[in-house]
1. Report, ordered by the first and then the second residue, all pairs with beta carbons closer than 7 Å, sequence separation of six or more or different chains, a first member in the stretch 148-163 that is under 15 Å from ASP238 (Cα atoms), and a second member that is more than 10 Å from the ligand (Cβ to nearest atom) and open to solvent by 50 Å² or more (accessible area, probe 1.4 Å).
2. Within 24 Å of ASP189 (Cβ to Cβ) and surrounded by fewer than 15 Cβ atoms within 10 Å (Cβ to Cβ): is that true of ARG237 in this structure?
3. Tell me, please, whether a residue that is at pLDDT 95 or above, hydroxyl-bearing (Ser, Thr, Tyr), on the phi < 0 side of the Ramachandran plot and not in a strand (DSSP E or B) can be found in the stretch 150-170.
4. Does ARG194 meet the test of being under 26 Å from ILE397 (Cα atoms), more than 14 Å from the ligand (Cβ to nearest atom) and open to solvent by 20 Å² or more (accessible area, probe 1.4 Å)?
5. Given the condition closer than 30 Å to LEU6 by Cα, within 16 Å of the ligand (Cβ to nearest atom) and of a type outside the set (Asp, Glu), answer yes or no: does some residue in the stretch 320-339 qualify?
6. Working carefully through the options LYS307, LYS337, find the one that is closer than 17 Å to ILE394 by Cα and either modelled with pLDDT of 95 or more or open to solvent by 30 Å² or more (accessible area, probe 1.4 Å) (or both).
7. Among the residues of the stretch 210-226, count how many are outside any loop (DSSP other than H, G, I, E, B) and crowded, with 20+ Cβ neighbours inside 10 Å.
8. Looking for something over 25 Å from GLY332 (Cα atoms), not basic (Lys, Arg) and not in a helix (DSSP H, G or I) - is there at least one such residue anywhere in the stretch 268-288?
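The values are calculated or read from the model by the stated rules, or taken from the named source; none is laboratory data. Here the structure is a predicted model, which means the values were calculated and not measured. As a convention, Cβ positions derive from the backbone with ideal geometry for all residues, glycine included, and neighbour counts pool all protein chains shown. Note: areas computed on protein heavy atoms with side chains; ligands, DNA, RNA excluded. Shrake-Rupley method; radii C 1.70, N 1.55, O 1.52, S 1.80 Å.
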Amino acid sequence: MIEFELTEKQRFVQQGAHMVAQTIIRPISLQADREHKIPEELLRNLAQMGSSMSAMPREMGGDEEVDPAKDEKAKKPRQANRMGVLGAEEIAWGDAAVLMTLPGPGLGAPPVRANGTKEQQERFFAPFRDTTVLRWGAYGLTEPGAGSDVAGIRTTCRKDGDHYVLNGRKCYITNGGRAIWTVIFATIDPALGRAGHRAFVVEKGTPGFVCSKIEDKIGLRASETAELTLEECRVHRDNLLGGEARYEGTTKEGFMAAMKTFDSSRPMVGAMAIGIGRAAYEHARDFVKANYVLDRPIPRYRAIAEKLARCERRLAAARMLVWRAAWMADLGLANAKEASMAKAAGGQAAVQTCIDAIEICGAHGSIEDGEHAFLAKWFRDIKVFDIFEGTGQIQRIVISKRLYEGLKAF
Ligand SMILES: Cc1cc2nc3c(=O)[nH]c(=O)nc-3n(C[C@H](O)[C@H](O)[C@H](O)COP(=O)(O)OP(=O)(O)OC[C@H]3O[C@@H](n4cnc5c(N)ncnc54)[C@H](O)[C@@H]3O)c2cc1C
């Protein structure tokens, strides 16, 4: 049957991450938000703790265990996704922008892992083994005219001898300015739709590849969000993920590399949202405990108690969806629908909880400094979670498409 108890190792990760979040991340959170910058010392410490390696395959120096779907000899299913969501909720409870800035290949890892050859994986992951140097990878899919509509990317790649020449613009790329490489999704011909997509690893410093802007956001202000421009940027064919043979015929390998990322990243994003929502819920709960005696028969008190109960229920339900999606990813089961459910539920539960927490604290809750300063920050941070990695509406479309797969209306 089903067990909801965490293993000893999982509890260790959860408790360890919480301790780190409470003792060294939360204390710098407000200042990092104000200064749009996370102290390098903190990132260095977190990198040394090994947090940045979790996205990489174990044979490349990371924590990820063998994928049973790919290796039949593997005895134990991997734990990377389950460990990932447990850790992500706790670290985001401390500060989500710190989590998004952890050194490592980040969102760039899944497409390299899924589509890269062994040689490419070795080449692109190797620099991250040295955790004494802060290094990041990035994932460049979104464009000014193609966010939700991923199939509509317009960045082009033109073959020229041993190189591809890339032209286009990518926007809202996390850690895009500081990344040593970015996986750039481009098309050989926009008319081919998904079949035209190719995934390249473009290294920082490649002529024609520049960071053209760093965004000033309402939330997650300490996390870097960049615009990247590619102008006649020549990328060697060795950096085409999977090599040319992989894209022969009308295959959608490039598009699939982009989508595959979401199977593991959406549960993570759901977990991060729950971490922020839980932080806001706990803050409001402690405020209420200190200021109200909830069993008194005052209607307003009853309304507050019910609001708190709803917050806790919403977060707990979303967490179950996140854990299920992560568990499926670890077992190598197709989880696109469940990953979308986890992301949609986590984002929604946390957005509503942050709103409720502010309402519970009244006017104090909306002030940017003072005892409730965190509430204002979490309120600004959480909105983004309903947008990136696919908006709430897009998750609902993914879910409904899978529910009615095969029906003509879709
Ligand atoms: C902080 C942050 C970090 C990010 N990091 C990255 C990153 O590292 N890499 C990367 O590639 N991208 C990144 N993104 C981009 C993000 O994934 C996109 O913003 C997101 O996919 C939404 O795309 P869009 O902004 O173009 O909105 P649009 O697609 O223009 O959507 C606008 C609105 O229309 C709705 N909509 C769109 N299509 C439909 C439809 N068919 N049916 C119903 N409603 C629809 C949407 O739900 C939304 O409400 C990041 C964004 C942010 C804010």
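1. CYS157/ILE188; ASP162/HIS236; ASP162/ARG237; HIS163/ARG234; HIS163/HIS236; HIS163/ARG237
2. yes
3. Within the stretch 150-170 (the criterion being at pLDDT 95 or above, hydroxyl-bearing (Ser, Thr, Tyr), on the phi < 0 side of the Ramachandran plot and not in a strand (DSSP E or B)), the answer is yes, since at least one residue qualifies.
4. Numbers: under 26 Å from ILE397 (Cα atoms): yes; more than 14 Å from the ligand (Cβ to nearest atom): yes; open to solvent by 20 Å² or more (accessible area, probe 1.4 Å): yes.
When the stated conditions are applied, ARG194 passes them.
5. Yes - at least one qualifying residue is present in the stretch 320-339.
6. When all the criteria are applied, what remains is LYS337.
7. Of the residues in the stretch 210-226, the ones outside any loop (DSSP other than H, G, I, E, B) are 210-214, 225-226.
Cutting the leftovers down to crowded, with 20+ Cβ neighbours inside 10 Å gives us 225-226.
Qualifying residue count, the stretch 210-226: 2.
8. No: zero hits.
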